[in-house]
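Heads up, the thing below is written out as structure tokens.
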Amino acid sequence: MRISPVSSSRTSAGRRRGYTLIEMIVVITILALMAALIIPNFLAMKRSRDIRDAEAALIRLPAEARIEAQRSGSPVTIRVEGEGLVLDRSATAEEPDPVEVKRLKLPDGIRLDAARSGTETTDLSSWQWVVYPDGSAESAGLEFVEGDSARHSLMLPAKPGESSRWLEGGLPQEDESGRWTAGELEQRG
């Protein structure tokens, strides 16, 4: 007569080994706490990266407009439309309608608040910055608001060799000579 071995899936009490409801609740609670700590940091990092990417794209946009104007031989316009900026190539004899070259949407939490073209403050719906094939343009600026209060201004250059730059705060005042008064040297006695 043969004796069969005892099944290894049974304990000495005769029931199967598994997870209890309490053990599963503890594991789920630990996972939920970890998620509650990690997700806000992950979302903040993503928002910060989106803002940095938008700032970099905004600072490159005037240079892209100059390159497109020189390449196409026709004026290129940057204008405000909705929640972003649009880069258009002007109409020509071959293309009777303006051609949209690029559209740049602002990330959530950043909005355009003011615009200046030359020495005049203009409303956002009529603001535009035109770059001519020789690379020249009129000085201009855009004021952005991040969240509820942080203001940053993007200054668009008038001369071909200049580049755009960010300023902290609102748009600086410009005097009649066409020069920005902010950043001038202060004379001290």
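The values are calculated or read from the model by the stated rules, or taken from the named source; none is laboratory data. Since this is a predicted model, take the numbers as computed values, not measurements. Ideal geometry is used to build each Cβ from the backbone, glycine not excepted, and the neighbour counts take in all protein chains shown.
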field: Candidate set from the stretch 158-189 (those that are in a strand (DSSP E or B) and either modelled with pLDDT of 50 or more or touching a Lys or Arg at 6+ places or on another chain (Cβ under 7 Å) (or both)); member that is farthest from residue 133 (Cα to Cα)
entry: 168
task: Enumerate the pairs (first residue in the stretch 113-130 and loosely packed, with under 15 Cβ neighbours inside 10 Å; second residue anywhere and part of a loop (DSSP other than H, G, I, E, B)) with beta-carbon separation below 6 Å, excluding pairs fewer than 6 apart on the same chain, so at least 6 apart or on different chains.
output: 118/138
Residue selected from the stretch 119-144 under the condition of a type in the set (Gly, Ala, Ser) and over 21 Å from residue 74 (Cα atoms), by the criterion modelled with the highest pLDDT: 141
field: Residue list for the stretch 48-59, filter: among the basic types (Lys, Arg) and either more than 24 Å from residue 86 (Cβ to Cβ) or surrounded by 15 or more Cβ atoms within 10 Å (Cβ to Cβ) (or both)
entry: none
query: Does the stretch 145-157 contain at least one residue that is at pLDDT below 90, surrounded by fewer than 18 Cβ atoms within 10 Å (Cβ to Cβ) and among the hydroxyl-bearing types (Ser, Thr, Tyr)?
result: yes
field: Qualifying residue in the stretch 67-78 (condition: in contact with a Leu (Cβ under 6 Å, 6 or more places away or on another chain) and under 16 Å from residue 144 (Cα atoms))
entry: yes
Residues satisfying the stated conditions in the stretch 86-106, i.e. assigned to a strand (DSSP E or B) and either within 17 Å of residue 75 (Cβ to Cβ) or touching a residue at least 40 places away in the same chain (Cβ under 8 Å) (or both): 86, 87, 88, 89, 99, 100, 101, 102, 104
- request: For the stretch 107-141, name all the residues that are part of a strand (DSSP E or B) and either over 27 Å from residue 50 (Cα atoms) or β-branched (Val, Ile, Thr) (or both).
  value: 110, 117, 120, 121, 122, 130, 131, 137
